[in-house]
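Report on the following structure.
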Amino acid sequence: MSIRQGLLALLAQQPMYGAQLRSEFEGRTGGTWPLNVGQVYTTLSRLERDGLVEAAGRPDDEGRITYRLTPEGSETVRRWWLTPVDREEHPRDELAIKLALAVTVPGVDVPAVVQSQRTQTMRSLRDLTRLKQQATERDDLAWLLVLDNLVFSAEAEVRWLDHVEARLLRRANDPAPTANHARTANHARTPAATPAAREHEKEARR
């Protein structure tokens, strides 16, 4: 989730200063995505620059500035709640990039890379499943939703790694293309000669 949008959503509830925003953000997401105060204040400065938040009065005795939404900021939050997350913009996935490179770099033991990752993902999945089993319906709903998402993501990653391993096995068992197959494939990719080209070829042979 965008930190920018998250802070705006929290400020829609009430004015807060940076440390409050960090605490509320981490508390409502179960500490899954920790923030540092510097990151929060940097984001607040940009939001203020963009006219979405403003200082709510003067700094307190400890020098902390409380921020509130501007009318434009409130409208931005309202639109954000109703705008679906765009899945067409794929974030960089380190694991997918690692395996895509591994299969193209000579000397890399790709099955070992897959197995190492599966072990780690299964360990994380066991920890998440244990947390889910200990949770009750009385627990904070926000945390339960985040926990469900993490469990589903880990399960999906394990299934994907199984698929990667199966694909590697099929590729290893495929017979290497013969020279005749290669020539046939190259011929299939070569455009058919035009009548003029064939005539030119006959002239060259004479």
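Remarks
- Helices (runs of 4 or more DSSP H) lying entirely in the stretch 67-140 (those with 3 or more residues that are surrounded by 14 or more Cβ atoms within 10 Å (Cβ to Cβ) and among the hydroxyl-bearing types (S, T, Y)): 110-134
- Cβ pairs under 8 Å, 6+ apart, first in the stretch 108-131 and more than 26 Å from N149 (Cβ to Cβ), second outside any helix (DSSP H, G or I): V110/V103
- Boolean, L168 is at pLDDT below 95, part of a helix (DSSP H, G or I), under 19 Å from A102 (Cα atoms) and assigned by TED's automatic domain parsing to the domain that holds D109: yes
- Enumeration of residues in the stretch 132-171 that are under 21 Å from W33 (Cβ atoms) and either among the basic types (K, R) or in contact (Cβ under 8 Å) with a residue 40 or more places away in the chain (or both): K132, D140, A142, W143, V146, L147, L150, E157
- Unique residue being of a type outside the set (A, V, I, L, M, F, W, C), closer than 29 Å to L7 by Cβ, at pLDDT 95 or above and not assigned by TED's automatic domain parsing to the domain that holds E155 when the list is G57, G38, G73, G63: G73
The values are calculated or read from the model by the stated rules, or taken from the named source; none is laboratory data. Note that this is a predicted model, so its numbers are computed, not measured. Neighbour counts are summed over all protein chains in view; Cβ atoms, including those assigned to glycine, are modelled from backbone coordinates with ideal geometry.
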